[in-house]
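Each remark here refers to the structure printed beneath this line.
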Amino acid sequence: MEITSSQNPRIKYIIKLRDDKKVRQRENLMVVEGWDEIDLAIHAGYVPTLVLHSPVFKKRQIDLVSVEQITVTQAIFEKISHRENPDGWLAIFPLPRKSLADIDLSSDPLLIVAESIEKPGNLGAILRTADAAGVDALLVCDPRVDIYNPNVVRASRGTLFTVPTIEISNENALSALRKSNIKLVAATPHAKTEFTEQDLHGPLAIIVGTENEGLTDFWMNEADLKVKIPMLGKINSLNVSIAAALIVYEARRQRDS
């Protein structure tokens with residue numbers, strides 16, 4: 001089947017699913033664009049409900065016999081694409097919803113808690129760090145961005161599907177972490193100790209907040225440790241995804257040394 005009209009109901013539906021959080025939540029579906037991202041999601045155990053591609057672009061294959069696949073013209077694909085240089089592949093996946101009960105923590109867990117993240121690019125970058133560093137889970141507390149936004153998938157390079165990612169309130173996250181005896185490490189420029197000078201062994205949750213506001217008093221008051229990243233220039237904070245990456249990899253370095 002090939003779709004050639006932008007007025008096709010399937011195309012209109014995909015665009016709504018791409019652009020509207022309420023539609024994604026109601027349908028429990030999301031748009032994933034890019035062959036690499038789709039392939040990563042499939043290998044992580046997720047099965048798309050629909051695969052759409054345009055043969056005009058670079059040809060690659062997705063072998064899913066039981067999944068409906070349709071083709072579209074280059075013009076139609078460019079209309080539904082969210083990218084400047086699309087590769088001609090797009091799929092519809094069930095939302096990879098996770099709950100605390102789904103997390104299978106390792107014997108020495110390392111988690112990231114991200115509070116009130118507002119930019120898809122930052123959340124996606126944190127997910128890439130979490131995947132690369134072997135983080136057990138990412139708890140996204142009181143987010144200001146939809147974690148199933150196509151821009152999050154793009155920025156994460158598909159690692160939204162490989163890292164258990166849970167949207168949760170501050171209170172429920174704290175309760176779960178305390179029950180698991182996980183030490184809370186808050187990243188703040190107001191800490192007295194640099195992150196490389198603290199002992200980051202053992203079950204650990206690294207907590208980061210927004211660049212403009214930092215962490216709320218909720219986490220600052222509950223943290224077992226507070227650490228800072230040295231700032232030698234004129235500004236007093238780093239991009240939140242960079243801050244998370246520095247501290248996570250310091251924890252990984254200490255564990256591996």
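Summary of computed values
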| read-out | value |
| --- | --- |
| Candidate set: region 101-111, residues that are among the hydrophobic types (A, V, I, L, M, F, W, C) and touching an Asp or Glu at 6+ places or on another chain (Cβ under 9 Å); chosen: the one surrounded by the most Cβ atoms within 10 Å (Cβ to Cβ) | 111 |
| Residue that is nearest to residue 156 (Cα to Cα), among those in region 34-61 that are without any contact (Cβ under 8 Å) to a residue 60 or more places away in the chain and of a type in the set (Val, Ile, Thr) | 42 |
| Checking residue 85 against (1) free of Cβ contacts under 8 Å to residues at least 24 places away in the same chain; (2) in a helix (DSSP H, G or I), the condition it does not meet | (2) |
| Residue 122, sole failed condition from (1) closer than 29 Å to residue 62 by Cβ; (2) crowded, with 20+ Cβ neighbours inside 10 Å | (1) |
| Residue that is farthest from residue 43 (Cα to Cα), among those in region 155-186 that are under 19 Å from the mean Cα position of the chain (by Cα) and in a strand (DSSP E or B) | 168 |
| Residue selected from region 74-100 under the condition more than 14 Å from residue 153 (Cβ to Cβ) and basic (Lys, Arg), by the criterion surrounded by the most Cβ atoms within 10 Å (Cβ to Cβ) | 98 |
| Every pair of residues 6+ apart whose Cβ atoms lie under 6 Å, when the first sits in region 11-33 and is assigned to a helix (DSSP H, G or I) while the second is surrounded by fewer than 15 Cβ atoms within 10 Å (Cβ to Cβ) and modelled with pLDDT of 95 or more | 23/16 |
| Complete set of residues in region 187-207 that are of a type outside the set (Ser, Thr, Tyr) and in contact (Cβ under 8 Å) with a residue 40 or more places away in the chain | 187, 189, 195, 199, 200, 201, 202, 203, 204, 205, 206, 207 |
| Residue in region 143-154 that is part of a strand (DSSP E or B), in contact with a strand residue (DSSP E or B) (Cβ under 8 Å, 6 or more places away or on another chain) and either crowded, with 20+ Cβ neighbours inside 10 Å or not polar (S, T, N, Q) (or both) present | no |
| Criterion violated by residue 195 - all others in (1) closer than 20 Å to residue 121 by Cβ; (2) touching an Asp or Glu at 6+ places or on another chain (Cβ under 6 Å); (3) not charged (D, E, K, R) satisfied | (1) |
| Residue under evaluation residue 48, criteria (1) in a loop (DSSP other than H, G, I, E, B); (2) surrounded by fewer than 19 Cβ atoms within 10 Å (Cβ to Cβ), criterion not met | (2) |
| In region 88-103, the residues that are part of a loop (DSSP other than H, G, I, E, B) and more than 18 Å from the chain's Cα centre (by Cα) | 88 |
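The values are calculated or read from the model by the stated rules, or taken from the named source; none is laboratory data. It should be emphasised that the depicted structure is a prediction, and the values quoted were computed from it without experimental measurement. Heads up, the Cβs are rebuilt from the backbone with ideal geometry, glycines too, and the neighbour counts pull from every protein chain shown.
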